[in-house]
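One structure is given below, encoded as structure tokens.
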Amino acid sequence: MSLPDVGDPRTVRVDTFLPYPPARVWRALTDPELLARWFLPCDFRLEVGHRFTLATEPRPNVRFAGVSHCEVLEFEVERMLRFGWHDPGEDNGLDSTVTWRLEPEGTGTRLFLEHDGFDPDNPYQAMSRRIMGGPNGWNGVLARLAGALA
């Protein structure tokens, strides 16, 4: 797992090595039943233009109401998945993109995640960016993914 991301104030970047082939990791990223095990229950479908929602606990400290509206923007099977991520929450209004990139590495996969579009001038988005770049944000998500694959 990578260390907490403290770089670019607009983007969270993390990566991890998973000792599984890209096809297995890809399935975990794109199968709704598997997504529910390690990420969030959703109505995801691997189809450009497909809209889906991700629902979790609200986070009043960053004005997150608990529901993100997403749309599949593009993908390359077993290589890359990009979706839009919009939080219409009061005072937050995050309009961002999440990109997963898979690269074969030995007998496993190096999985890169980039969450881009945080506005460093919006205090709620800046705090969201710090949280998502920390150990309980995307790094925690990647740890749950690794556990689900095991």
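Just so it is clear, none of the values below were taken in a lab; they were calculated from the coordinates. Just so you know, these numbers come straight off a predicted model, no measurement behind them. A quick note on method: Cβ atoms are made from the backbone with ideal geometry, for glycine too, and the neighbour counts reach across all protein chains shown.
So here's what we get for this one:
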| read-out | value |
| --- | --- |
| Size of electric dipole in segment 11-119: Cβ of Lys, Arg +1 and of Asp, Glu -1, about Cα centre, debye, nearest 20 | 340 debye |
| Span from the segment 1-67 Cα centroid across to the segment 72-150 one, whole angstrom | 6 Å |
| With at most 16 neighbouring Cβ atoms within 10 Å, loop GluC sites (Glu not before Pro) (DSSP) excluded, longest segment of the chain | 91-150 |
| Residue-averaged [θ]222 nm for the chain, counting only DSSP H segments that reach four residues, each worth -39500 (n - 2.57) | -7500 deg cm²/dmol |
| Amide H partners (placed H, <5 Å) of residue 89, local residues excluded | 65, 94 |
| DSSP loop trypsin sites (Lys or Arg not before Pro) with at most 15 other Cβ within 10 Å: longest gap in the chain | 80-150 |
| Extended-chain gain in nm, criterion 0.36 nm per residue less alpha-carbon gap, residue 65 and residue 79 | 1.9 nm |
| Global form of the chain, assessed from the alpha-carbon gyration tensor, a/c cut-off 1.5 | prolate |
| Surrounding net charge for residue 67, when Lys and Arg each add one and Asp and Glu each subtract one, Cβ distance under 11 Å | -2 |
| In degrees, nearest ten, helix 138-149 long axis to first principal axis of the chain (Cα) | 30 degrees |
